[in-house]
Amino acid sequence: MNEASKVSQPEAVDERPEPVSTTTPARKRQIDDSDLEPQPKRARLTREKLTRKNLATFNKMGKKKDSDPTDDSKSTRTTSTTTSGFAVKARKNGILDPFDSKPPKNLEDIRKQYAKSRATASPPESVYEYYASRVEGAGTEATMVFEVGGKLLKEYDDKGYKREFNRAFTNFPKNAGFNDGLSAPRPDFVEGLEMKGYLPFPVDTHVPGATLYKDDPRSITLPHVAGEWKGPTGDIREARMQSAYDGAALVHGRTQALAYMGKEDPPGHAAITTFTTDGTNLNLYAHYAAPLEENKDILEYHQYPISSTNIKDTYQGYKEGRKSLRNLQGHAKDRSYDLKSQLKEHWKHSRNKPPPVEGVYPPDVEPPPHIIDGYEDASPHVQREEAEDEEDDYEIVQPTTHRESSRHSKSSHYHHSSQHSSKSHHSSKSSHHPSPRSSKSHHSSSETSHKESSRHAPSSESHKRKASQTSSHGSSHSSSRYESKRKGY
């Protein structure tokens, strides 16, 4: 029995495919409507294909992140402001350090503006002493930012004017020239208006680089001041280079905003300012862009020193530095509000301006030379020739006098008419009382000469034929009047 059971087991296995074979014709009838493979196997293969496809897609995405300079992820191949090689790349992009920069043309005005006395009184010496002790004991850059910022920077009550600390410009356009191959600017301090303050003007869609942060309706927009700090062990030269990069970004944003309105700053004038400090020295810089002398299509971003003050070692230095920094903030705030007003007014004016009407030009716009009396003279030479021909046609329509109708027909008509006139005059001299027969012959000869002149006129031009017909009608009317006079006589 065991052997029989062992033999029967394979037979049972052999019988199982038979029902499958009976259903094979039914599956064949569905060949045109479905796949040849059974559904479970097809589903398994589909999952395998999708898995391979997804893996390939993921691999491609990973490679793209490594090479795409516009990606915001940390794997992009851009140089950070704190890594080696940043200064070299920045210089290649046209960002100059203070030693290579040229002074702006409004440098003296800026210095006077920042040196002005403030309406509020200077802090007492005890505040300075507290500040000096805090700076001396600061161990990190973050501590320096908190201590220095809290004692030197002014805080504004404007709800729509705010500051940000150590936040990258995530919405700034990539590869704008000055930032090619560099990571987004990330100043320790930036201050400006919120984007919602520009509404209803959509500043983020009309001005590239206006809003600093992506997906933030309260993003700082078109700021005019930024700052960099360094701790007790930091390199102030690195802060200066970072400040040059920050200033170039702010200059770029302002330039784009003015270009939207068809404006620009006066050449060589600085409207953006930055500062650097390590708690001991406070350095202010003016920023502007100017074309390269050898190639006007390439911009260079200048960073020129405004002032440098020791704010830790003396009470007087602390007061001077604090005053200049707060004046800088106020000046940047005024420029931000002024630029916002200009942009909103320009946008409002452009929306309310009626659409241009074809053929109607503003007073300050001169129409093209081929536009005459409200229509476009597409073929001025052809129309002038036709106009001259029409004038010739109208000149010959003279029912009472004999004038030239054209260069050829008029001369022929005049020749025959002159002969007839001379004969008539001679006949009148020979007889003072013309008989009806002589009058009749005179009229007949006049008609004959006029018909001959009509035959001499060119027949190739339609307007010439029209002129001849008009002249013939005029002559017939003249003959009718002559006949009526003869009968009356």
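Derivation of every value follows stated rules applied to the coordinates shown; laboratory data play no part. No experiment lies behind these values; they were computed from the predicted model shown. Here Cβ is always computed from backbone atoms with ideal geometry, including for glycine, and neighbour counts include all displayed protein chains.
The share of alpha-carbon pairs in the stretch 202-275 lying farther apart than 16 Å comes to 56%. Annotation for residue 313 and residue 215: the two label points, set 7 Å from Cα along the Cα-Cβ direction, are 5.0 nm apart.
For a paramagnetic label modelled at 7 Å from the Cα of residue 196 toward its Cβ, which residues of the stretch 222-236 fall within the zone defined by backbone nitrogen distances under 11 Å? Answer for this model: none.
When the pairs 196/312; 116/312; 112/196; 92/154 are compared against a 31 Å limit on Cα-Cα distance, 196/312; 112/196; 92/154 fall above it. Classify the stretch 86-351 from the C-alpha gyration tensor, please: rounded if a/c falls under 1.5, else prolate or oblate depending on whether a/b exceeds b/c. It comes out prolate by the Cα gyration axes.
Based on C-alpha pairs under 8 angstrom that are at least 6 apart in sequence, the stretch 255-356 has a relative contact order of 20 percent. Under the combined filter of DSSP loop state and at most 16 neighbouring Cβ atoms within 10 Å, the stretch 119-156 retains these GluC sites (Glu not before Pro): 155.
Seen from residue 335, the other residues with C-beta closer than 11 Å to its C-beta sum to a net charge of 0, counting Lys and Arg as +1 and Asp and Glu as -1.
The simple spin-label model puts a point 7 Å past each Cα toward its Cβ; for residue 77 and residue 326 those points are separated by 5.0 nm.
Here each label is just a point 7 Å from Cα along the line to Cβ, and for residue 168 and residue 337 those points are 3.4 nm apart. Among 288, 130, the order by Cβ neighbours within 10 angstrom, fewest to most, reads 130, 288. Between the alpha-carbon centres of the stretch 295-331 and the stretch 114-153 there is a gap of 16 Å. In terms of distances greater than 29 angstrom between alpha carbons, the cross-link table entries 105/340; 102/159; 89/151; 214/263; 214/333 yield 102/159; 89/151.
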